[in-house]
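**Q** Quick one: the structure is below, and I'll ask about it shortly.
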Amino acid sequence: MIPYGRQDITNEDIEEVIKVLRSDFLTQGPVVPKFEKSVSEYCGVRYAYAVNSATSALHLACMALEVGEGDIVWTAANTFAASSNCALYCNASVDFIDIDPISYNISISDLKNKLQLAKQEDVLPKVLIPVHMTGQSCEMSEIFELSRKYGFKIIEDASHAIGGKYLNDPIGCCKYSDITVFSFHPVKIITTGEGGMVVTNNKNLAKKINYLRSHGITRDTNLMSKDDGPWYYEQIDLGYNYRMTEIQAALGLSQMSRLDEYIKIRHKIADFYNKSLSGLPLQIPRQSKDSFSSFHLYVIRLNLSMAKNTHKDIFESLRKDNILVNLHYIPVYLHPYYKNNLGFKSGHCPEAEKYYSEAISIPMFPTLPNNDQLIVVNALKKYL
Ligand SMILES: *Cc1c(COP(=O)(O)O)cnc(C)c1O
């Protein structure tokens, strides 16, 4: 069985986790801040807060930007549902930008058109959530310019993208955004089991994210209405328990030491696939010169007019051969929840739907053996 993605856990990782298990703190101890510091230094960003998932990170990011009822949030049509669910948690309404057929990231031309229309109708978004699909950065400098022109905030969903770069800056530096979030789910670049992180350069947003991840409770005397004594704390907002445990942070911190190595291996695998798949009726991933991808995913797009079999047949044949390919993603608005409750219809984002009918994510993870890479290539040669 060859999965499409999987974690790499070393003996050193296990030792670090065991150390925490033998220590005084399983939560709210010294390791979470160490992990946060490691990520903030890596990304060149001022503030970092570890949480229990990227979904929680996205929710906190929306809350910190005061997304609420009557507000509008836009994200990419081709993403995991969490990228837009976070706005729904805040009672905002959501809409989707179609994707660029080359990068599979949000289309800048579609975004521009939609912004122009929204301005005329006075329905501009409060927040845009660009998603760095497969680890390739969106065109952040263009998006940032548009945010200035139309007055929206930016949350980068970098769940795929820790270790990647945009114009030589690490993704997560927040040069072109208010907030960036990462995911540490086991299929992502580094893992904490479940987990995520929110990073920002904005001191006020940082302060809010910090107390919202822990019930809205603070011990910061600058934020409290009074100070009754050393036991005292105040709940100053309605937050959640979105904290990461020390056990998770120990794993994450240990994984950080191999982040660059992981990205290097992912690029090597991508190079092998690029070479080996040329000549087949499919599109290999195209890379923008401004982006250095983390290569979380390797997505092929079938040229169905030239392939021997249908998309579904090829997908099923690969799975039957125990190559556990996947599809990232079903356009979010096509899920029944979005259609039935929010009124979205097929045809809303035609490029994302075309992509959905042709895309397959083939195995890509740092411990994928050479021989398994060859098995994947040969299977594709057989079924295409
Ligand atoms: C994985 C993922 C998420 C959610 O991450 P969790 O840590 O599982 O909550 C959100 N957005 C995108 C694009 C993802 O790939």
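**Q** So the check is Cβ under 8 Å with 6+ separation or different chains; which pairs have a first residue in segment 182-195 that's closer than 13 Å to Asp8 by Cβ and open to solvent by 10 Å² or more (accessible area, probe 1.4 Å) and a second one that's near the ligand (Cβ under 8 Å from one of its atoms) and among the hydroxyl-bearing types (Ser, Thr, Tyr)?
**A** Short answer, once both residue conditions are applied: Lys188/Ser159.
**Q** Select, from Ser294, Ser278, Ser225, the only residue that is open to solvent by 80 Å² or more (accessible area, probe 1.4 Å), assigned to a loop (DSSP other than H, G, I, E, B), of a type in the set (S, T, N, Q) and at pLDDT 95 or above.
**A** Being open to solvent by 80 Å² or more (accessible area, probe 1.4 Å), assigned to a loop (DSSP other than H, G, I, E, B), of a type in the set (S, T, N, Q) and at pLDDT 95 or above holds for just one of Ser294, Ser278, Ser225, which is Ser225.
**Q** What about Asp71, is it under 30 Å from Pro369 (Cβ atoms) and of a type outside the set (Lys, Arg)?
**A** On the way: under 30 Å from Pro369 (Cβ atoms): no; of a type outside the set (Lys, Arg): yes.
Criteria not met by Asp71.
**Q** Next up: Answer yes or no: is there a residue in segment 10-27 that is open to solvent by less than 60 Å² (accessible area, probe 1.4 Å), closer than 30 Å to Ile362 by Cα and part of a loop (DSSP other than H, G, I, E, B).
**A** Looking for residues that are open to solvent by less than 60 Å² (accessible area, probe 1.4 Å), closer than 30 Å to Ile362 by Cα and part of a loop (DSSP other than H, G, I, E, B), one finds at least one in segment 10-27, hence yes.
**Q** Looking for whichever is of a type in the set (Ser, Thr, Tyr), under 29 Å from Pro363 (Cβ atoms) and in contact with a strand residue (DSSP E or B) (Cβ under 7 Å, 6 or more places away or on another chain) here; the options are Ser147, Ser137. Which one fits? Can you show your working first?
**A** Values: Ser147 fails: under 29 Å from Pro363 (Cβ atoms).
Unique residue meeting the criteria: Ser137.
**Q** Just for segment 150-163: of the residues that are surrounded by fewer than 24 Cβ atoms within 10 Å (Cβ to Cβ) and in a loop (DSSP other than H, G, I, E, B), which one is nearest to the ligand (Cβ to nearest atom)? Step through it out loud before you land on a result.
**A** Just the residues of segment 150-163 that are surrounded by fewer than 24 Cβ atoms within 10 Å (Cβ to Cβ), to begin with: 150-154.
In the following step, the residues that additionally are in a loop (DSSP other than H, G, I, E, B) were identified as 151-152.
Working: Gly151: 25, Phe152: 19 Å.
Among those residues, the one meeting the criterion is Phe152.
**Q** Further question: Out of (1) of a type in the set (Asp, Glu); (2) in contact (Cβ under 8 Å) with a residue 24 or more places away in the chain; (3) surrounded by fewer than 22 Cβ atoms within 10 Å (Cβ to Cβ), what's the single condition that is false for Glu234?
**A** (2)
**Q** With respect to Asp313, is the statement that it is among the acidic types (Asp, Glu), under 25 Å from Ile265 (Cα atoms) and modelled with pLDDT of 95 or more true?
**A** Details: among the acidic types (Asp, Glu): yes; under 25 Å from Ile265 (Cα atoms): no; modelled with pLDDT of 95 or more: yes.
No; evaluated as a whole, the condition is false for this residue.
**Q** If you check every pair at least six apart or on different chains, which have Cβ atoms under 7 Å apart with a residue in segment 336-363 that is over 21 Å from Leu111 (Cα atoms) and touching a residue at least 12 places away in the same chain (Cβ under 8 Å) first and a residue that is assigned to a helix (DSSP H, G or I) and open to solvent by 10 Å² or more (accessible area, probe 1.4 Å) second?
**A** Ser357/His311; Glu358/His311; Ile360/Phe315; Pro363/Asp372
**Q** Can you name the residue in segment 172-197 that is closer than 14 Å to Pro130 by Cβ and of a type outside the set (Phe, Trp, Tyr) and, of all such residues, is nearest to the ligand (Cβ to nearest atom)?
**A** Only one residue tops the list, namely Val181.
**Q** Continuing with this model, one more query. Between residues in segment 53-81 that are over 21 Å from Asn105 (Cβ atoms) and among the β-branched types (Val, Ile, Thr) and residues that are open to solvent by less than 10 Å² (accessible area, probe 1.4 Å) and within 16 Å of the ligand (Cβ to nearest atom), which pairs lie under 9 Å by C-beta distance while being six or more apart or on different chains?
**A** Filtered contacts from segment 53-81: Val67/Ala61; Val67/Val73; Val67/Cys86; Val67/Ala87; Val67/Val127.
**Q** Another question, then. Given Leu21, Leu26, which one is more than 16 Å from the ligand (Cβ to nearest atom), in contact with a helix residue (DSSP H, G or I) (Cβ under 6 Å, 6 or more places away or on another chain), among the aliphatic types (A, V, I, L, M) and farther than 19 Å from Pro125 by Cβ? Break it down into steps so the answer makes sense when it comes.
**A** Details: Leu21 fails: in contact with a helix residue (DSSP H, G or I) (Cβ under 6 Å, 6 or more places away or on another chain).
The conditions single out Leu26.
**Q** Moving on to the next point. Please go through segment 206-222 and pick out each residue that is of a type outside the set (Gly, Ala, Ser) and open to solvent by less than 60 Å² (accessible area, probe 1.4 Å).
**A** In the first step, residues of segment 206-222 are kept if they are of a type outside the set (Gly, Ala, Ser); the result is 207-213, 215, 217-222.
Matches in segment 206-222: Lys208, Ile209, Tyr211, Leu212, Arg213, Ile217, Thr218, Asp220.
**Q** For Gly172, are the conditions met, namely being on the phi > 0 side of the Ramachandran plot and either touching a residue at least 40 places away in the same chain (Cβ under 8 Å) or acidic (Asp, Glu) (or both)?
**A** So Gly172 passes the test.
The values are calculated or read from the model by the stated rules, or taken from the named source; none is laboratory data. Keep in mind the model is a prediction, meaning the values are calculated, not measured. Cβ: placed from backbone, ideal geometry, glycine included. Neighbour counts: every protein chain shown. In case anyone asks, the SASA skips ligands and DNA or RNA and just uses the protein heavy atoms, side chains included. Shrake-Rupley method; radii C 1.70, N 1.55, O 1.52, S 1.80 Å.
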